[in-house]
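Single-structure report; data block below.
The values are calculated or read from the model by the stated rules, or taken from the named source; none is laboratory data. What you see is a predicted model; the values in this text were computed from it and never measured. Heads up, the Cβs are rebuilt from the backbone with ideal geometry, glycines too, and the neighbour counts pull from every protein chain shown.
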Amino acid sequence: MSPKIKTLRLALLSFLLFLVTTSLRYTLTGGDVRVKIVIDSSQKDFGPPSELAALLAHSVNHTRTNRDVIDSVDRLTPTRHTFNSPAIQVFRNQLSSQVHTAEIFILTQSNTRPGDRIPYYRGRGGYNIDKTLYSLQPSSIAAGTDIFNRCSVVGNSGILKDSGCGPQIDGADFIFRLNLFPTVPKFTDDTGVKTHLVTCDDVTLNKKFLNLGEPRWKQAFQNYVTNSRYGPVLILTAPFGRREHTQRQLDLQRTVHQQGLRPTVVLGHPLHRNATVEYWHRAGLERTMSNGFYMVSSALSLCTKVTVFGFWPFTEDKQGRPVDFHLAQSMWPHLSHEQSDDSLSTMRAEFQMLLELDRLGLLRLVTNPC
């Protein structure tokens, strides 16, 4: 292989590797090129540019009551929204250069190999990748370095009820959804029907499908996927958060593969999660990032115009009317939809961050009926 080709391949394999408190040396394999990279998140230039970081941090840390935040929504998110295209390009390039969504968003055969030890991002230790698990992973991230034009990130708040936002959501080129939300006729007008990627964490699996090792739970999952009309979507899991969450989510990938179901289960890469958490921590967010905001951040790396729907961490709307925390609460009344105070605090801070990003024209946050 010529030096020029080697240099090109080396550049394409310059993956981000990260540890919150110390530098991390890690080896990734792609083809016949092995790359060692050191990333130190303690460097002062990690995170958003300093001026933007200060502005975002002020919006998050400025103490306000829930009602104050709600009352400020219409002022900060005008009906006639304009995307700031030059600012979006600069911000996306800077974010992508630090978290590398296009390279390590998910575990692939290009960024891992049998024998690698994948670190947990919320606990100590790691998980050893064996040949069987490696064989189930995609060869690479399909999107590569392509940028989607319009993306919808759809949360599950009851604020979407009677919103009529379904057509706007479905009009995007790529649609992110959360926690295996069902795209069933009951919600079509408000949430749309199209899905390209939907998340599924351990809490969701535990609530809906107790043990995928048992035939009845495998069948329950198959029925759910069929009824939700997901089709050939990506189901994004996070098995490398804590050790106790790993097996159930790996079982999900094996189950879907063995049963030949149309969705493809992919595994979130913990190094990308860690990098994303630290990036936004520099802008004022706590390190307890929600899956919803993680999807928004990932979309900002992969899309030109990001529109966010169904994010509303309050129990009342702008007019003071009650709002269900989860739009599908009526479907699963036996499941707990209560959130801890810490979780609500995290989501409120993230919502304030979204308001500021909307004000700057970096994304669009929809809080009104469409």
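Taking the criterion of being in contact with a Pro (Cβ under 8 Å, 6 or more places away or on another chain) and under 16 Å from I141 (Cα atoms), would at least one residue in segment 251-265 satisfy it? Among the residues of segment 251-265, at least one is in contact with a Pro (Cβ under 8 Å, 6 or more places away or on another chain) and under 16 Å from I141 (Cα atoms), which makes the answer yes. Out of all the residues in segment 249-261, is one or more within 21 Å of Q222 (Cα to Cα), of a type in the set (S, T, Y) and either at pLDDT below 90 or within 18 Å of the chain's Cα centre (by Cα) (or both)? Scanning segment 249-261, I find at least one residue that is within 21 Å of Q222 (Cα to Cα), of a type in the set (S, T, Y) and either at pLDDT below 90 or within 18 Å of the chain's Cα centre (by Cα) (or both), so the answer is yes. Among the conditions (1) touching a Gly at 6+ places or on another chain (Cβ under 8 Å); (2) closer than 23 Å to D173 by Cβ; (3) at pLDDT below 95, N291 misses just one, which is (1). Looking at this structure, is S72 within 21 Å of the chain's Cα centre (by Cα) and part of a helix (DSSP H, G or I)? Criteria not met by S72. In the set I147, I118, only one residue is hydrophobic (A, V, I, L, M, F, W, C) and closer than 22 Å to R242 by Cα; that residue is I118. Listed conditions (1) polar (S, T, N, Q); (2) more than 19 Å from I88 (Cα to Cα); (3) modelled with pLDDT of 90 or more are all met by S330, apart from (3).
Of everything listed in (1) within 26 Å of T255 (Cβ to Cβ); (2) in contact with a helix residue (DSSP H, G or I) (Cβ under 8 Å, 6 or more places away or on another chain), the single unmet condition for F148 is (1). Residues of segment 168-193 that are in a helix (DSSP H, G or I), crowded, with 19+ Cβ neighbours inside 10 Å and polar (S, T, N, Q): T191 alone.
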